[in-house]
Amino acid sequence: MLCVAVLFSAGLLVTKNAGAVGLQAVAVFPPWFSERQSFTSVALTGAPIAAPGPFDWMVVAIPQSAQQSQSLKSSNALFLLNAEFARLCGIDQHGPRLSEARPVE
């Protein structure tokens, strides 16, 4: 019973405010999704992509509007994790977004 309570509490912590406007969210897709499928699903929501996740089926995005947030929540993602989890994945919350990256010449 204690184990269930701990897992439930951890689940609440990593999903609190997930997908909130202006905050990083890790979109978790089915494990059989390729990196392309995951990135395409996030791109279709209009939310800027901040970074790839630690696996092909995870993408870090930052919704900039309520509409993007809602689209991200209703995308093909199984669930969203919050910015705290993004930091645990090694994602720098203040680093440049992929959409702001410039090609190297």
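The values are calculated or read from the model by the stated rules, or taken from the named source; none is laboratory data. The structure displayed is predicted, hence computed values, not measured ones. Glycine gets a Cβ as well: all are built from the backbone with ideal geometry, and neighbour counts include every protein chain shown.
Here are a few things to note about the model shown:
- All positions within segment 1-54 that are modelled with pLDDT under 90 and of a type in the set (D, E, K, R): Lys16
- The residues of segment 33-70 that are more than 15 Å from Leu23 (Cβ to Cβ), in a helix (DSSP H, G or I) and either in contact (Cβ under 8 Å) with a residue 60 or more places away in the chain or of a type in the set (Ser, Thr, Tyr) (or both), listed by number, are Ser38, Thr40, Ser41.
- Index of the failed condition, Ala86 passing every other in (1) at negative phi; (2) of a type in the set (Gly, Ala, Ser); (3) modelled with pLDDT of 85 or more: (3)
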